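Everything below concerns the one structure shown next.
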Amino acid sequence: MSLKYFYSDKSGSFARIENSRANCAVVLERSNSGAGRVDGWVSETVDAGIDYAYTKIGNNFNGRVSRVLLACDGHALTTTGWY
């Protein structure tokens, strides 16, 4: 399983998980102030019959930062830093 985080300070960020099993989700969290406090998030789960999922794009304008986490069965397995 792999977690990919795509980031641009000019437009935004999104995340993707590949080769995943069922009951996993990729979550993009965003902090509006850049302080690393979660102010919003988007999440996508792996649907039956496929092994990947990707989030919508979260914008990173005006000092916003984001991070990504991979969760399976309701537990966070890994989290990136804030970018």
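Data table
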read-out: All positions within the range 38-63 that are farther than 20 Å from T78 by Cβ and out of contact with any Phe, Trp or Tyr (no Cβ under 8 Å at 6 or more places or on another chain); value: D39, G40, D47, A48, G49, I50, N59, F61, N62, G63
read-out: Test: residue in the range 17-32 that is under 12 Å from the mean Cα position of the chain (by Cα), over 16 Å from Y83 (Cα atoms) and among the polar types (S, T, N, Q); value: no
read-out: Count of the range 55-72 residues which are charged (D, E, K, R), under 12 Å from Y83 (Cα atoms) and modelled with pLDDT of 90 or more; value: 1
read-out: Counted residues, the range 36-49 - those being outside any strand (DSSP E or B) and either under 11 Å from I17 (Cα atoms) or acidic (D, E) (or both); value: 3
read-out: Considering residues of the range 73-83 that are at pLDDT 90 or above and on the phi < 0 side of the Ramachandran plot only, the residue surrounded by the fewest Cβ atoms within 10 Å (Cβ to Cβ); value: H75
read-out: Residue count for the range 50-66, restricted to those that are free of Cβ contacts under 8 Å to residues at least 40 places away in the same chain and either surrounded by 11 or more Cβ atoms within 10 Å (Cβ to Cβ) or under 16 Å from R21 (Cα atoms) (or both); value: 7
read-out: Selected residue (criterion: farthest from G49 (Cα to Cα)) from residues of the range 12-34 that are surrounded by 13 or more Cβ atoms within 10 Å (Cβ to Cβ) and among the small types (G, A, S); value: S31
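The values are calculated or read from the model by the stated rules, or taken from the named source; none is laboratory data. All of these numbers come straight from a predicted model, not from anything done at the bench. When we count neighbours, we look across all protein chains shown, and the Cβ atoms used for this are built from the backbone with ideal geometry, even at glycine.
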